[in-house]
Amino acid sequence: MSVAVCFVGGNLAGTVEASNSDQAIGESGRADVIVNDGHFDDPATESVLITALSGTLDRTAADKAAADVATAMKALPEVASVSDPLPSHDGSALLVRVTMSGDPETAQDHVGKLRDTTAGVQRAHPGLRVEETGGESIGQAMDDTLGKDFQRAEFLSLPVTFAILIVAFGALIAAGVPVLLALSSVAAALGLSTLASHLVPSTDTTASVILLIGMAVGVDYSLFYLRREREERAKGRKHLDAVEIAAETSGHAVVVSGIAVTIAMAGLFLAGDVVFSSLAVGSILVVLVSVTGSLTVLPALLSKLGRWIDRPRVPVLWRLTRPRAEGEGQSRVWSFILRPALRRPVATLAISVLALLALAAPALSMRLSFPGMEDLPRTTPAMQAYDRLVKAYPSNGTVHTVAVRVPAGQLDATKAALTELAEAAAADPLFAPLDLPAGAAPDIEVSADGKVAVLGVATPYAGRSEQAKESLDKLREVMVPQTVGKVPGVKAGSDAAVGGFVGADVDYADHVKHKLPLVVGFVLVLTLLVMAFTFRSVVVAVTSIALNLLSAGASYGLVVLIFQGTWAEGILGFTSMGAVVSWLPLFLFVVLFGLSMDYHVFVVSRIREAVKQGMPTRDAVAHGITGSAGVVTSAAIVMVAVFSIFATLSTIDMKQLGVGLAAAILLDATIIRAVVLPSLMTLLGNANWWAPRFIRPREAPRPPAPVIEGELVGAGR
């Protein structure tokens, strides 16, 4: 009922989407704000490109095709106007621009009729290549591609998760409970996030992140709880007693883990970016809902189900996965895996840490960049046409946007300065020549109130190339100050700002590099305090931080190793962009730090529990890790499988995210938890539990000794 209330109530309240001004970063962000303040009538446009199938273009045939395009397009109600055909500088192509009518926001829904018209002209002129491209065509093609990708991912993720849980539990109901609770947590968090968007605007990626994080932590928390309850029943506890013990032990670990994940996600607020703030809100909500469900709904459900939780049993799997009863001994496999760490902790620790540091080393050469048009899949006709368009008309490729706030009475001076800027750029090899009819003036857009002027300055180079960045620097540091910057009342960089893809790419990478240390510091300090007071040990807190940093560093190194080079392109089906997606390092850090704390809190809790029962540290480490190995392994396999599905998506950012998360979780659940952690804790021994006096656990007061014949029993002994 509460899930339905959250979901329905949130949807009734509606979602507040982040505006462009909310997402403004650096000078490119200021340029976007200036453009938005101009309230330009910016209709959707498409480009119909006419080229030869081979050899040189027959201009007479091309003109006839262009005339047919114009006639057919003007007959469509979706078309407002059609331009005269524009020949390319080398005569290899003819371009017809089509301006669509209606709301640009819904233009993509109607572009199909334009594409059908273009296809009809192509059939009438089989000796030419007549094709259409543009923002709406490319958007529609990418939506179709990504829609199929995500449908496949959603179709695979739930069955894969359920299948893994069946293997983990050997019973269908036990496998279904974690999936059911995770999905209900996601649904409730989605509803709550729409309410929260009235305080922190939402972005397009918020729902995807809620699904990703919600499934991960929801399944994890349920696994921790269920496995402990089954383990206690296997020891002979009554059902309700087993539920209570699971609540006291695994329930406590879930709370601590939830706090750690929440702290990690809260670090995103310090990024000063509405996208990260929105992701933080969504992630925190789904984690808190998952923790609440694990502490309330799950124990109640287990109490009601009783031993039905282990029905119906899968015959072979049930025998393999049932918890070991008291006296059956430990798993031989895990005893074998732990043997080097327990017997030779120094050598094992040194070798494993050096291996992880070597894996992390490539991260030192990490480059950050936005995915651009060159990174989109070239499997669609719209993208293939786009490549031919940019080759024939370079000004249609990478474009810098020069946006100016026009001071009162300075419109003519501003337009003259922008014209001077456009002509200077056209004569510079860093910029593209103007694709305009002879004698035509540069296209300068002026707002209806005359307070904003905008000029597009194209470069023939790819958006991430060094030449494109050099052209940006030249615009910002030399050309704009020497032209528009000399208009009275205009200050270059603020009143006159340069935006566009290249500017946004550079500005956002600088923004992430500047904010990453702040976010990391915040997460580390607060996590250190939570772990220290939870386990009453400074040493456990410090080693927890160190191991998670080691895991995150290794995952960074893997992402750089795979995606900044070209050797894995054929394996994973991508074209290297020579960089890591700008937002990935910051987001990857907080997600990995939060999720890896799930395992760490659970494993260390079991070790500390054994120590408190009187076991020596070496034996407690073996007991804690072997006792938690099944649930940690199961949870890790679920997450690695789901994250790996993301690595099969078409876009480079989703591939990098999927590989980064899957690799980090795999490393964390294997090398970190099975090799580094046991060797380190074995080496430290009793020093693991050192803490200053003010956070040490208080010992229970000893009862007074009984008095016998006026003397204290045991006094003086």
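Values in this text are rule-based calculations from the coordinates and carry no lab data. Keep in mind that what you see is a predicted model, and the values were worked out from it rather than measured. Counting neighbours? That spans all protein chains shown, and the Cβs are built from the backbone with ideal geometry, glycine included.
Amide H of S81 versus every other amide H placed in the peptide plane: which residues, excluding those fewer than 5 positions away on the same chain, fall under 5 Å?
For S81, the qualifying residues are T99.
Please report Rg over Rh for the stretch 85-178, where both radii come from the alpha carbon positions and Rh follows the Kirkwood definition.
Rounded to two decimals, Rg/Rh equals 1.33.
What would the Debye equation give as log₁₀ I(q)/I(0) for the chain at q = 0.09, 0.10 Å⁻¹, counting only Cα atoms as equal point scatterers?
Log10 of I(q)/I(0), two decimals: -0.89, -1.03.
At a temperature of 25 °C and a viscosity of 0.890 mPa s, determine how fast the stretch 533-588 diffuses translationally according to Stokes-Einstein, using the Kirkwood radius over alpha-carbon pairs as Rh; express D in µm²/s, rounded to the nearest whole number.
Once the numbers are plugged in, D ends up at 183 µm²/s.
Assuming a viscosity of 0.692 mPa s and a temperature of 37 °C, what translational diffusion coefficient in µm² per second does Stokes-Einstein assign to the stretch 544-681, Rh being the Kirkwood radius over Cα pairs?
208 µm²/s
Grab the Cα-Cα distance for K74 and L516, subtract it from 0.36 nm times how many residues apart they are, and report the gain in nm with one decimal.
153.9 nm
Among the lysines, which fall within straight-line cross-link reach of K612, defined as a Cα-Cα distance under 21 Å, with same-chain neighbours fewer than 8 residues apart omitted?
K235
What is the distance, in nm, between label points placed 7 Å from the Cα along the Cα-to-Cβ direction at D84 and at A441?
1.8 nm
With a cut-off of 8 Å between alpha carbons and a minimum separation of six or more residues, what is the relative contact order of the chain in percent?
Reported relative contact order: 18 percent.
Please compute one quarter of the surface area of the Cα convex hull for the stretch 144-215 and express it in square nanometres.
5.4 nm²
What's the FRET efficiency of R378 with V314 using the Cβ-Cβ distance as r and R₀ = 45 Å, to the nearest 0.05?
0.50
Taking 7 Å along the Cα-to-C-beta vector as the label spot, tell me the R693-Q467 distance in nanometres, rounded to one decimal.
7.2 nm
Quick one: net charge of A382's neighbours, Cβ under 13 Å, K/R +1, D/E -1?
Residues close to A382 contribute a combined charge of -4.
How many angstrom lie between the C-alpha centres of the stretch 426-479 and the stretch 58-97?
The distance from the Cα centre of the stretch 426-479 to that of the stretch 58-97 comes to 25 Å.
K64: which lysines have alpha carbons under 19 Å from its alpha carbon, excluding same-chain residues fewer than 8 sequence positions away?
K74
For the stretch 395-550, how many pairs of lysine residues have a Cα-Cα distance under 22 Å, where the two are 8 or more positions apart or belong to different chains?
Close lysine pairs under the 22 Å cut-off: 11.
What list of ³J(HN,Hα) couplings, whole Hz, do you get for the stretch 313-321 from phi and the Karplus terms 6.51, -1.76, 1.60, once you set θ to phi - 60° and write x for glycine and proline?
Residue by residue, the stretch 313-321 yields 7, 8, x, 5, 4, 4, 5, 6, 9 Hz.
On full extension of the chain, what length is gained from V525 through K486, given 0.36 nm per residue of separation minus the C-alpha to C-alpha distance?
Gain in length upon complete extension: 9.2 nm.
Across every pair of different alpha-carbon atoms, what Kirkwood hydrodynamic radius in Å does the stretch 453-574 reach?
After inverting the mean inverse Cα-Cα distance, the result is 18.8 Å.
Per-residue counts of other Cβ atoms within 10 Å, averaged by peptide: what ranking do you get for 415-422, 357-364, 564-571, highest first?
Going by the mean number of other Cβ atoms within 10 Å, highest first, we get 415-422, 357-364, 564-571.
Hey, can you grab everything whose amide H is under 5 Å from the amide H of V406? Only 5+ residues off in sequence or another chain; H modelled, so Pro and N-termini drop out.
Distant-sequence amide H within range of V406: V452, A453.
Check every DSSP H run in the chain and write down those whose alpha carbon atoms cover 24 angstrom or more along the long axis and whose mean Kyte-Doolittle hydropathy is 1.0 or greater.
172-196, 239-266, 274-295, 501-535, 538-563, 584-612, 617-646
With the Cα gyration tensor of the stretch 203-292 in hand, convert its eigenvalues to equivalent ellipsoid semi-axes via √(5λ) and list them largest first in whole Å.
33, 12, 7
For the stretch 156-198, what percent of Cα pairs sit more than 13 Å apart?
So the pairs more than 13 Å apart make up 58 percent of the total in the stretch 156-198.
Can you work out ³J(HN,Hα) from phi for every residue in the stretch 126-133, in order, using Karplus 6.51 cos²θ - 1.76 cosθ + 1.60 and θ = phi - 60°, giving whole Hz and x for Gly and Pro?
3J(HN,Hα) across the stretch 126-133, in whole Hz: x, x, 10, 9, 10, 9, 10, 8.
Tell me which residues come under 5 Å, amide H to amide H, from A93 once H is placed; ignore anything under 5 positions away on its chain.
S88
Work out the FRET efficiency for R97 and D412 from their Cβ-Cβ distance, taking R0 = 41 Å, and round it to the nearest 0.05.
After rounding, the FRET efficiency stands at 0.90.
In nm², what is the average projected area of the convex hull enclosing the Cα atoms of the stretch 399-475?
For the stretch 399-475, averaging the hull's shadow over all directions gives 5.4 nm².
Relative to a virtual label point 7 Å from the Cα of L364 in the Cα→beta-carbon direction, which members of the stretch 506-538 show backbone nitrogen distances below 11 Å?
Once the point is set 7 Å along Cα→Cβ of L364, nothing inside the stretch 506-538 turns out to lie under 11 Å by backbone N.
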